[in-house]
Amino acid sequence: MGLLLLLHVVLVAAAAGAPAAQAWGKEGHYMTCKIADGFLTKEATAGVKALLPSSANGELAEVCSWADSQRFRYRWSSPLHFADTPEDCKFSYARDCHDTKGNKDACVVGAINNYTAALQDSSSPYDRTESLMFLAHFVGDVHQPLHCGHVDDLGGNTILVRWYRRKSNLHHVWDVDVIEQAMKDLYGKDQDAMVKAIQRNITEDWSREEKQWEACRSKTKTCADKYAQESAALACDAYKGVKQDSTLGDEYYSEALPVVEKRIAQGGVRLAAILNRIFSGNGKLQSI
Ligand SMILES: *[C@@H]1O[C@H](CO)[C@@H](O)[C@H](O)[C@H]1NC(C)=O
Ligand SMILES: *[C@@H]1O[C@H](CO)[C@@H](O)[C@H](O)[C@H]1NC(C)=O
């Protein structure tokens, strides 16, 4: 996103009375990384711990929003949080993975491949701690449907809506509002309680699918393009019936929440699979 566009997003978000749209909010990223944590192998747990900054207190989940705090310091990282698409419900790497200046690979899928490759290559010049924190964040982002939303409305950022009675925008509804509502209604505002509920689903309702979430035939890259493809399709559903100034309430919430929970689950499982492969010691990304 160019500076002007970024400014635009900030202004629109400010106008909507919402914080500048970023990514899954802090909670979404925390939960994705907490779930990943539970699926890490011993090697990966040790490899991750060795790279975490001391501020993390040994917890990957503590640094999973770090990338959002760097968007102004590292301006180049701004376009790496998303991969907006035209309105065809599809993601195509060749067509969609670039920034507004046309720089190739500058989108969330390119970034996931970039930081996976960097962590896999001990001679990479990139800072390994930062690579880990970027990777953990972007695997979360690519699962947020509106991070593969439509180009024309900046992934739903310019669609101003009311979330119940509060001003928001469609992007923010998916980043933050649905999760906060669920935490308040169902989990006594405790994100760890929500993590536990999602974990229980992974081992019960979703146990059959879970292996497929991880499956990836690519020998050289991650399968992040597949995750973006899923998000682009889910985004199309998320736009249905939503117009400028729509009020979104119970009905929208009850359809969105299961999608949000599943995307957090998938993000966590897949992040763990990528990290397990990186830290397995055999170097090659064979079957993430
Ligand atoms: C790859 O990572 C480096 C180091 O952080 C960064 O400068 C570059 O912009 C990244 N490119 C992509 C496509 O993520
Ligand atoms: C658990 O899975 C069911 C069925 O897919 C879904 O309706 C529900 O919202 C999920 N709950 C959580 C906490 O993931």
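The values are calculated or read from the model by the stated rules, or taken from the named source; none is laboratory data. Source: prediction; values computed, not measured. Virtual Cβ from ideal backbone geometry, glycine too; neighbours counted across all protein chains shown.
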Out of (1) of a type outside the set (Asp, Glu); (2) away from ligand 2 (no atom under 16 Å from the Cβ); (3) modelled with pLDDT of 95 or more, the one ALA193 does not meet is (2)
All-but-one check, GLU204 against (1) modelled with pLDDT under 95; (2) more than 29 Å from CYS97 (Cβ to Cβ), failing number (1)
Return the pair list, or none, for Cβ contacts closer than 6 Å from residues in region 101-119 that are farther than 16 Å from ARG277 by Cβ and at pLDDT 95 or above to residues that are within 16 Å of ligand 2 (Cβ to nearest atom) and among the aromatic types (Phe, Trp, Tyr), at least 6 apart or on different chains.
none
Near pairs, Cβ below 8 angstrom, 6+ apart or cross-chain, from region 71-86 (part of a loop (DSSP other than H, G, I, E, B)) to any residue that is of a type in the set (Phe, Trp, Tyr)
ALA83/PHE91
Output for region 130-154, where each listed residue is more than 11 Å from ligand 1 (Cβ to nearest atom) and farther than 16 Å from ASP96 by Cβ:
LEU132, ALA136, HIS137, VAL139, GLY140, HIS143
Candidates TYR74, TYR93, filtered to the one that is within 15 Å of ligand 1 (Cβ to nearest atom) and surrounded by fewer than 18 Cβ atoms within 10 Å (Cβ to Cβ):
TYR74
Here are ALA232, ALA265, ALA272, ALA224: which of them is on the phi < 0 side of the Ramachandran plot and touching a strand residue (DSSP E or B) at 6+ places or on another chain (Cβ under 9 Å)?
ALA232
Do we have ARG217 as within 16 Å of ligand 2 (Cβ to nearest atom), modelled with pLDDT under 95 and exposed (fewer than 12 other Cβ atoms within 10 Å of the Cβ) here?
no
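Residue-by-condition table, conditions (1) over 20 Å from LEU234 (Cβ atoms); (2) surrounded by fewer than 24 Cβ atoms within 10 Å (Cβ to Cβ); (3) without any contact (Cβ under 8 Å) to a residue 24 or more places away in the chain; (4) not hydrophobic (A, V, I, L, M, F, W, C):
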{"position": "THR129", "(1), (2), (3), (4)": "yes, yes, no, yes"}
{"position": "VAL139", "(1), (2), (3), (4)": "no, no, no, no"}
{"position": "ASP153", "(1), (2), (3), (4)": "no, yes, yes, yes"}
{"position": "HIS171", "(1), (2), (3), (4)": "no, no, no, yes"}
{"position": "SER207", "(1), (2), (3), (4)": "yes, yes, yes, yes"}
Which condition number does ALA14 fail, the rest of (1) at pLDDT below 95; (2) part of a loop (DSSP other than H, G, I, E, B) being met?
(2)
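Which residue out of CYS97, CYS107 is touching a Lys or Arg at 6+ places or on another chain (Cβ under 8 Å) and under 20 Å from SER231 (Cα atoms)?
Only one candidate qualifies: CYS97.
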Between ALA67, ALA46, which is more than 20 Å from ALA111 (Cβ to Cβ) and outside any loop (DSSP other than H, G, I, E, B)?
ALA46
For TRP163, the lone unmet condition from (1) within 20 Å of the chain's Cα centre (by Cα); (2) touching a residue at least 12 places away in the same chain (Cβ under 8 Å) is (1)
